[in-house]
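The values are calculated or read from the model by the stated rules, or taken from the named source; none is laboratory data. As the structure is a computational prediction, the values presented were derived from the model and not from experiment. Positions of Cβ are generated from backbone atoms using ideal geometry, with glycine treated the same way; all protein chains shown enter the neighbour counts.
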Amino acid sequence: MPPPRPKAKTKPAEKRPAKAPRSDTKQDAKGGYWIYGIHAALAAVANPARDCCRIVLAETAKREMETRVAQAITEAHKALPGRPSVERMSRTDMESLLPPSAVHQGLAVLAQPLGETAIEDIVRDCIEKSDAAVVILDQATDPRNVGAVMRSAAAFGAAAVVIQDRNAPAITGALCKAASGAVERVPFVRVVNLARAIGMLKDSGFWAAGLDPVARRTLAEADLSGRVAPVPGPGGRGPARPRCGRVPGPAARDPSGCRHRPG
């Protein structure tokens, strides 16, 4: 498992509060929200950049789960002590704390939002890397879909996931559950102007690779080595971004049906 990502080193002028969660979560008076599910909750507890207010474990949880929670707390304490004691309660009491139909798997954490990261930070972090990937989400609105993309981005070692702020889902328990811990490891970058962010990445040496529904080659057949920024569009369509330029030659198609064209 890769180490939790450090706190964002955002320029003072770019700092802003994390976007407030929406109706698929429950907040406390300080703006914290519940992260539930084994992988998401354990990753939050182990991440020293995440301020955890409560750690709740079901009374029926097995001893193995107690051990894993204790290990996550120990991991966080290596960098920053101060995790709360674990509370044991019935599943009924747990469910009263969480959004309806939340699949908590016997573990939930009340946590404060992570600090946001600016696109400039990602460009700076990647400037010395010959190979890097930054995933650009165009018009993504469903928190579970975004969480699934973040999970895949973490598995492939992506440097960040970038999304347009307008209409984008907030980081909530549902998104964290779908991301399976990736929210704690992959920077989630919100930008006002997605085309401008793509242009900034291209200016720093990235290829903007738009997913194209009419491509002919598979992704495995395309040469997307080096620094690349894949840009999937909504609903299987290609991205409607002018800065996702095209280059001569066949495009590339994902075996799942999504198709890519470097540009």
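Per the listing A49, A79, A61, A70, the residue uniquely of a type outside the set (D, E), assigned to a loop (DSSP other than H, G, I, E, B) and surrounded by fewer than 16 Cβ atoms within 10 Å (Cβ to Cβ) is A79. Without any contact (Cβ under 8 Å) to a residue 40 or more places away in the chain and closer than 27 Å to L224 by Cα, is that true of Q139? It is false that Q139 is without any contact (Cβ under 8 Å) to a residue 40 or more places away in the chain and closer than 27 Å to L224 by Cα.
With the structure loaded, tell me whether T117 is of a type outside the set (D, E), in a loop (DSSP other than H, G, I, E, B), surrounded by 18 or more Cβ atoms within 10 Å (Cβ to Cβ) and in contact (Cβ under 8 Å) with a residue 12 or more places away in the chain or whether it fails that test. So T117 fits the description; yes. The single condition from (1) part of a loop (DSSP other than H, G, I, E, B); (2) hydrophobic (A, V, I, L, M, F, W, C); (3) over 22 Å from N193 (Cα atoms) that C176 fails is (1).
Table: residues versus (1) out of contact with any Ser or Thr (no Cβ under 6 Å at 6 or more places or on another chain); (2) at pLDDT below 90; (3) crowded, with 16+ Cβ neighbours inside 10 Å; (4) not assigned by TED's automatic domain parsing to the domain that holds T141.
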| position | (1), (2), (3), (4) |
| --- | --- |
| G173 | no, no, yes, no |
| E184 | yes, no, yes, no |
| V192 | yes, no, no, no |
| L211 | yes, yes, yes, no |
| V214 | yes, yes, no, no |
| A220 | yes, yes, no, no |
| G236 | yes, yes, no, no |
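Residues of region 158-192 that are within 12 Å of the chain's Cα centre (by Cα), closer than 30 Å to S130 by Cα and not hydrophobic (A, V, I, L, M, F, W, C): S180, G181, E184, R185, P187, R190. The single condition from (1) among the acidic types (D, E); (2) assigned to a loop (DSSP other than H, G, I, E, B); (3) outside the structural domain of A160 (by TED's automatic domain parsing) that E128 fails is (3). Among the residues making up region 146-170, a single one is under 23 Å from G226 (Cβ atoms), assigned to a helix (DSSP H, G or I) and of a type outside the set (A, V, I, L, M): S152.
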